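In what follows, a single structure is set out as structure tokens and then discussed.
The values are calculated or read from the model by the stated rules, or taken from the named source; none is laboratory data. Fair warning: this is a prediction, and the values are worked out from it, not measured in the lab. Here the Cβ positions follow ideal geometry from the backbone for every residue, glycine too, while neighbour counts run over all protein chains shown. To get the accessible areas, we keep the full protein, side chains included, count just its heavy atoms, and leave off ligands, DNA and RNA. Shrake-Rupley method; radii C 1.70, N 1.55, O 1.52, S 1.80 Å.
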Amino acid sequence: MSTSTPVVALQKPKDISLGEIEAELSQIWLGQSKGQGVPLASRASTFSMVVYEPEEFQQLLAGLGFYEGPIDGVNGEDARQAIEAAQKHYGLKITGHVNPPTLSKLREEFAKLSPDQQEYENLDARGFQISEAIAAANPCRIITICPTFGIEDKGVTAQVSAYCPLQRQSSKLVCCEYITLRGTKEALNRVGSLVTSLMVPELPRFVWWKATPNPEQELFQELATSSNCTVVDSSYFSDPRSELLKMQQLVEQEIYIADLNWHRLSPWQELTAAAFDPPERRMSLGEIDSITIDYEKGNDSQALLFLGWFASRLGWTPTSYVVESGDYDITHIKFQGECDREILAELAGVPVADMGEIPGDLVALRLNSSNPEADCCTILCSETTGCMRMEAGGSAQSCRTEQVTALSDQKAEALMAQQLQRWGHDVLYEESLAVTAQLLGLAS
């Protein structure tokens, strides 16, 4: 059983000018000796991390009068009620999640407001807290960039603070420096070089972009090219198909991209591989010519990445990509395998009554062959949603069926804490993304 790590503040967050950041941080550490000659707290020396934390949906909801809580990025009960109220008001499907149609409508309605109406008084709590899992890893410096909406460009404001996770094994505090920058997107674009200069030299640099990446955005490009790893989460991409193509373009520019949503696929990948561990089944892998993937309707990133992974492992080349309109968002994809063998793939967005915390989670997977003698039929089902559609048709009894248990903690913060321990390019992800980009490039 895991226990949380208490975090204490060395001093209250302090407003300062941009030019005073380093000097103020130095004063924080000089003041820790308490006259004893030996500091009670010391800086960690592991890595620097820039967090781009827009929390746009809360700001839009606040400006439109649906949300009165703090701007903190936590999709708690107050935020969910506000989302549902907005969805009901604008005649959208009520999900309690900010899906692409909801975000588009919120942006549209917010843009109609006058500058005075766009102002809101909600407390902006971004930059003052970080996941305990990340804080416990003792990053040397966290720079949080908080774009604001609905106010005029008044430049960029800065705050500094330091927080220390209390470690039971040691009486000495090893602390994290926090720098929080706020301003409009336009203002923040002007300080990209300042942000990169605040990253501690000779330490690994991470950028956690908690928004849809925009390679054309000056700030994103400057941070991505100056970091060792740029971390995204495709489960929250507003247009997954176009954004995954952008990720491939960044990889081709030799920018190291890590997708937290990719790591959520590991239980599905491991069970798929295990299903073909027996020698007699391994020989049937080449007979697979049909793959069907069901996912929670709303975001098909996981389905596309899983298909790219499976196709890359078997050497399939995509040849066509066709999207059907309808309740299930059916996508038909054809591949060419060995000996010009044709493989058919189908992706289906399944409407579910109770969406999970991660948009677009995989629901079910089926692998099969048109050869009745091939021992390769495999069905994988999510333990929470099942896979009735996969088991229909009368042949399920001859299939190997497994239940997939999701990662114990799929939240981005927990996955990010793990990502901070990884080094080097994820070749498997890059090879899978390359195939995904190939098939998306065929879209008509």
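As a summary of the residue check, THR331 satisfies the conditions (1) open to solvent by 20 Å² or more (accessible area, probe 1.4 Å); (2) without any contact (Cβ under 8 Å) to a residue 40 or more places away in the chain; (3) not acidic (Asp, Glu) except for the one numbered (1). Here the condition is being farther than 27 Å from SER398 by Cα, open to solvent by less than 50 Å² (accessible area, probe 1.4 Å), out of contact with any Cys (no Cβ under 8 Å at 6 or more places or on another chain) and not in a helix (DSSP H, G or I); of ILE291, ILE358, it holds for ILE358 alone.
Condition test on SER284, is it over 24 Å from GLY349 (Cβ atoms) and open to solvent by less than 20 Å² (accessible area, probe 1.4 Å)? So SER284 fits the description; yes.
Could you please find all residues in the range 414-444 being modelled with pLDDT of 85 or more and open to solvent by 50 Å² or more (accessible area, probe 1.4 Å)? The answer is GLN418, VAL427, LEU428, GLU431, GLN438, GLY441, LEU442. Counting the residues of the range 191-214 that are in contact with a Lys or Arg (Cβ under 9 Å, 6 or more places away or on another chain), surrounded by 18 or more Cβ atoms within 10 Å (Cβ to Cβ) and either small (Gly, Ala, Ser) or over 19 Å from SER301 (Cβ atoms) (or both) gives 3. The number of residues in the range 364-376 that are open to solvent by less than 40 Å² (accessible area, probe 1.4 Å) and farther than 10 Å from ILE291 by Cα comes to 3.
Of the residues making up the range 94-108, none is over 25 Å from ALA412 (Cβ atoms), of a type in the set (Lys, Arg) and either at pLDDT 85 or above or not in a loop (DSSP other than H, G, I, E, B) (or both). Within the range 245-273, residues that are in contact (Cβ under 8 Å) with a residue 24 or more places away in the chain and in a loop (DSSP other than H, G, I, E, B) sit with their Cβ atoms under 7 Å from residues that are of a type in the set (A, V, I, L, M) and open to solvent by less than 30 Å² (accessible area, probe 1.4 Å), at 6+ positions apart or across chains, in these pairs: ILE255/ALA224; ARG264/ILE358; LEU265/LEU305. The set of residues in the range 121-152 being at pLDDT below 85 and either aliphatic (A, V, I, L, M) or in contact with a Gly (Cβ under 8 Å, 6 or more places away or on another chain) (or both) consists of ALA125, ARG126, ILE130, ALA133, ILE134, ALA135, ALA136, ALA137, PHE149, GLY150, ILE151.
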